[in-house]
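Quick notes on the structure that follows.
The values are calculated or read from the model by the stated rules, or taken from the named source; none is laboratory data. In this text, all values refer to a predicted model and were calculated from it rather than measured experimentally. When we count neighbours, we look across all protein chains shown, and the Cβ atoms used for this are built from the backbone with ideal geometry, even at glycine.
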Amino acid sequence: MVVLVVCLVGLMTVYDYINLKSSIDNEFSSLQNQTEDSIAAALRLDDTATTIMDDQLNRQMISGFDVLFAEYNRSGGNPAAMNLEKVKKTLGEGYDIYVINESGVIVYTTYPPEQNEDFRKIPYFYEYLTKVRQSQGFFPDRVVHESLDTGKYRKYAYQATPDHQYVMELGYASPSFNETTLKMDDMNNIAESASFNPYIDQYSVFDMMGHNTSDDSLPDNRTESYVLQVIANRQTLQTDDPMNHREIRYLFVDMKNPRYGSDMSRIVEITYNTGRVQDALNHLVFIHLLFGGCALLIGCILAYAFSRQMNRPIVKIAHDADIIASGDFEHRIGTTQAREFVILEKSINTMVDSLKAATQRLKDDEIFRRDLIDQMPVGIFLKKMDTGRYVFWNRASEEIFERPATDVIGKSDEEIFPAAMAAQIKGEDAEALASRVEIKYKKITTKMHGDRVIHMIVVPIYDSKRSVRYMLGIAEDVTDEAMTLKKDLIFSITRSDILDQLAIIMTYLERAQLKTTKDDMQMFFDKTIGSVESIKNQIAYVGALQDPGLITPRWQSVHQAFAEAIQMLPEHSVDIKADIGDTEIFADPLLPRIFFSLLSLSFRRDGSTLSKIQMTTQRRGESLILVYEDDSKGIPTREKERIFEFGYCHENIVSLFLTRELLGFTGITITETGEPGRGARFEIVVPKGRFRPGK
């Protein structure tokens with residue numbers, strides 16, 4: 001009920017507010033247009049009356065020019081020789097004479113205050129005087145204020161001299177102009193128009209010189225800048241003052257008459273009080289809130305009375321529901337006297353029976369899943385990420401890590417393992433979070449079985465909000481499989497290499513039997529010794545299988561591993577270079593044997609013409625590339641991928657299947673990218689995190 005009342009009052013308030021605001025805005029705009037039209041009409045009416053008076057004085061001014069030009073002709077067209085005071089006396093009281101040169105400056109006059117007045121300060125009027133000087137005939141002007149701030153009004157007229165060097169100007173100030181001025185800027189008419197608009201606070205009228213027509217004063221700097229802007233653009237300008245709820249309009253009333261030089265247009269500054277509009281809107285909102293508050297209070301009282309009557313059975317049902325929620329599914333919702341809650345009682349009791357059955361099924365399913373996972377042959381463990389404590393540890397995990405579940409469940413890595421191993425596990429979790437999965441071979445040391453190789457998979461488990469909730473680990477002991485794979489590699493390569501070296505020894509010995517001199521025989525024996533040394537090194541690597549560390553990947557210097565591979569080669573004249581710096585990579589301990597496999601392939605493939613081999617490094621994105629190249633005849637295009645197949649052998653090419661597999665233990669890949677006929681080229685790509693600068 002409360003929400004309903006609030007919504008209804010709110011909707012009504014918003015609706016009425018929008019309607020009233022629209023209505024007031026329309027009224028304000030309409031009244032504003034009507035007022036400004038009335039003010040403009042009043043000013044134009046006054047201007048029309050003054051224009052009629054100006055027209056009546058034009059004949060009088062033309063007669064005055066006849067007297068003036070008679071004196072001009074007498075002086076021989078030289079204004080300096082004219083007797084202007086005599087002409088003024090002849091014309092009568094109120095007249096003054098002005099002689100304006102082509103620069104717009106009054107050079108001679110009977111009115112000293114305006115001597116040397118420069119009309120270039122009034123661009124539009126100077127342009128008008130230039131037009132008069134270059135024309136012929138009589139040019140009347142309006143009754144206007146003097147250019148000096150004397151407060152007097154004069155009627156002016158202009159006529160160019162026959163030689164168009166000067167403009168003769170007559171000014172006439174009649175005593176009757178005092179009454180005329182009241183008609184020129186009649187503030188009573190404007191005040192009457194403004195009185196019908198309640199939103200107008202004040203108004204002022206300015207002429208085209210920027211003077212206030214009521215007292216001929218200049219406005220303040222801010223108002224003057226707006227007035228000058230209106231004069232320049234001859235358009236109405238509006239400014240807003242929202243802080244003081246004011247809207248100021250500078251109304252431009254265009255009354256320029258092309259017949260006259262003076263521009264009688266007016267700028268009316270009108271200040272509107274928009275605060276009254278907001279006051280009306282605020283009053284509306286207050287009335288609505290008052291009635292809404294009263295309705296809300298009444299509604300709350302009624303709601304409280306009804307709720308007191310209805311909440312008794314609800315409290316009883318809630319009490320029974322709390323008992324059921326605590327786990328007592330044998331409890332039932334008691335009966336109430338209210339018919340409205342009978343269906344609710346039956347529904348809750350039915351729900352309790354369903355929950356009881358579902359809970360039993362969940363328990364059975366949980367036991368089944370736990371026993372199923374517990375019997376799996378691989379280790380499975382689960383750790384909560386918020387606490388870092390283990391919540392599951394199956395039997396296979398107990399056997400692999402030789403730690404019972406009772407010593408692990410509920411504890412963190414720091415409480416179970418040594419500090420170094422706990423830090424390593426923390427790093428593995430961070431890598432799993434970064435790559436969504438971490439797969440690696442890991443060496444552990446157990447009390448019963450010693451060093452073991454564990455194949456680990458660590459996967460983060462997310463909840464519905466995409467936050468990591470658990471870290472799932474899967475572990476498998478692959479010590480025997482890893483050792484067998486490496487034995488196969490070493491035996492396969494070593495057997496082939498030893499046979500090759502024995503064949504070389506037999507060849508040298510047969511040739512030595514044909515030699516008769518001691519020096520020739522000694523040369524063949526020296527070459528035979530090189531092959532024997534190679535066989536010795538090969539057998540030494542076979543013995544390395546007894547080293548437990550052989551099964552665990554570790555950080556190794558690429559330069560050192562490549563140098564060890566070169567030592568296993570027999571005597572040769574091939575130029576072998578390694579421009580690989582001091583880079584280390586995380587790879588299988590048999591890395592030297594892997595490099596030796598590539599060297600052996602180069603010698604077998606084209607040993608007679610082979611002249612150089614080089615190993616270099618380069619960066620590609622976030623990976624490190626080890627590039628192995630020789631100048632043999634290369635690998636045919638159709639064989640580039642087949643050489644990595646298991647058991648492949650063709651034209652002195654031995655399969656590199658085990659080489660690719662051993663590199664793959666730590667995520668390293670190898671491909672052949674050379675051009676046939678231009679040498680073999682292998683690219684070994686080491687991913688990010690598997691290489692680093694050497695120590």
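Numbers below:
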| item | result |
| --- | --- |
| Breaking point among (1) within 22 Å of Gly210 (Cβ to Cβ); (2) part of a helix (DSSP H, G or I), for Val87 | (1) |
| Residue match in the stretch 208-226 (condition: assigned to a loop (DSSP other than H, G, I, E, B) and closer than 25 Å to Ser29 by Cβ) | no |
| Search result, residues across the stretch 230-252 that are under 13 Å from Asp207 (Cα atoms) and without any contact (Cβ under 8 Å) to a residue 12 or more places away in the chain | Ala232 |
| All positions within the stretch 255-295 that are among the β-branched types (Val, Ile, Thr), farther than 20 Å from Lys21 by Cα and touching a helix residue (DSSP H, G or I) at 6+ places or on another chain (Cβ under 9 Å) | Ile267, Val268, Ile270 |
| The stretch 462-480: number of residues that are over 34 Å from the mean Cα position of the chain (by Cα) and loosely packed, with under 15 Cβ neighbours inside 10 Å | 1 |
| The stretch 114-128, residues that are surrounded by 12 or more Cβ atoms within 10 Å (Cβ to Cβ), more than 17 Å from Ala80 (Cβ to Cβ) and free of Cβ contacts under 8 Å to residues at least 40 places away in the same chain | Glu114, Glu117, Asp118, Phe119, Arg120, Tyr126, Glu127 |
| Residue match in the stretch 66-85 (condition: exposed (fewer than 12 other Cβ atoms within 10 Å of the Cβ), assigned by TED's automatic domain parsing to the domain that holds Phe139 and farther than 19 Å from Asp163 by Cβ) | yes |
| One residue from Ser262, Ser225 being polar (S, T, N, Q) and modelled with pLDDT of 85 or more | Ser225 |
| Selection status of Arg249, surrounded by fewer than 17 Cβ atoms within 10 Å (Cβ to Cβ) and either of a type outside the set (Gly, Ala, Ser) or at pLDDT 90 or above (or both) | no |
| Qualifying residue in the stretch 78-99 (condition: among the aliphatic types (A, V, I, L, M), touching a residue at least 40 places away in the same chain (Cβ under 8 Å) and under 27 Å from Asn257 (Cα atoms)) | yes |
| Every pair of residues 6+ apart whose Cβ atoms lie under 8 Å, when the first sits in the stretch 656-670 and is among the aromatic types (Phe, Trp, Tyr) while the second is modelled with pLDDT under 85 and in a loop (DSSP other than H, G, I, E, B) | Phe657/Glu645; Phe657/Phe646; Phe657/Gly647; Phe657/Tyr648; Phe665/Pro553; Phe665/Asp588 |
| Within the stretch 577-622, tally of residues that are more than 24 Å from Pro636 (Cβ to Cβ) and touching a helix residue (DSSP H, G or I) at 6+ places or on another chain (Cβ under 9 Å) | 15 |
| Residues (within 29 Å of Ala160 (Cβ to Cβ) and not β-branched (Val, Ile, Thr)) located in the stretch 23-63 | Asp47, Met53, Asp54, Asp55, Gln56, Leu57, Asn58, Arg59, Gln60, Met61, Ser63 |
| Subset of the stretch 636-671 (residues that are among the hydrophobic types (A, V, I, L, M, F, W, C), touching a Phe, Trp or Tyr at 6+ places or on another chain (Cβ under 9 Å) and either at pLDDT below 80 or farther than 20 Å from Ala578 by Cα (or both)) | Ile643, Phe644, Phe646, Val654, Leu656, Phe657, Leu658, Phe665 |
| The stretch 408-461, residues that are over 20 Å from Gly664 (Cβ atoms), in contact with a Pro (Cβ under 8 Å, 6 or more places away or on another chain) and loosely packed, with under 13 Cβ neighbours inside 10 Å | Gly450 |
| Of all residues making up the stretch 674-688, the number that are surrounded by 13 or more Cβ atoms within 10 Å (Cβ to Cβ) and assigned to a loop (DSSP other than H, G, I, E, B) | 5 |
| Qualifying residue in the stretch 130-143 (condition: out of contact with any strand residue (DSSP E or B) (no Cβ under 6 Å at 6 or more places or on another chain), surrounded by fewer than 13 Cβ atoms within 10 Å (Cβ to Cβ) and assigned to a helix (DSSP H, G or I)) | no |
| Residue, modelled with the lowest pLDDT, within the stretch 43-96, restricted to residues that are on the phi < 0 side of the Ramachandran plot and small (Gly, Ala, Ser) | Ala49 |
| Where Gly77 falls short, out of the listed (1) over 27 Å from Val253 (Cα atoms); (2) assigned to a helix (DSSP H, G or I); (3) not β-branched (Val, Ile, Thr) | (2) |
| Tally of residues being touching a Lys or Arg at 6+ places or on another chain (Cβ under 9 Å) and at pLDDT below 90 across the stretch 595-628 | 3 |
| All positions within the stretch 557-577 that are more than 46 Å from the chain's Cα centre (by Cα), within 23 Å of Phe665 (Cβ to Cβ) and outside any helix (DSSP H, G or I) | Met568 |
| Failed item, numbered, when Ala396 is tested on (1) more than 41 Å from the chain's Cα centre (by Cα); (2) part of a strand (DSSP E or B) | (2) |
| Members of the stretch 435-461 that are among the basic types (Lys, Arg), part of a strand (DSSP E or B), over 47 Å from the mean Cα position of the chain (by Cα) and farther than 17 Å from Val378 by Cβ | none |
| Selection within the stretch 193-216 - free of Cβ contacts under 8 Å to residues at least 60 places away in the same chain and farther than 25 Å from Lys256 by Cβ | Ser195 |
| Members of the stretch 252-282 found to be assigned to a loop (DSSP other than H, G, I, E, B), surrounded by 15 or more Cβ atoms within 10 Å (Cβ to Cβ) and in contact with a Ser or Thr (Cβ under 6 Å, 6 or more places away or on another chain), listed by number | Met255 |
| Residue match in the stretch 331-342 (condition: within 25 Å of Lys316 (Cα to Cα), surrounded by 15 or more Cβ atoms within 10 Å (Cβ to Cβ), of a type outside the set (Gly, Ala, Ser) and at pLDDT 70 or above) | yes |
| Index of the failed condition, Thr236 passing every other in (1) within 25 Å of Asp46 (Cα to Cα); (2) out of contact with any Lys or Arg (no Cβ under 8 Å at 6 or more places or on another chain); (3) modelled with pLDDT of 85 or more | (2) |
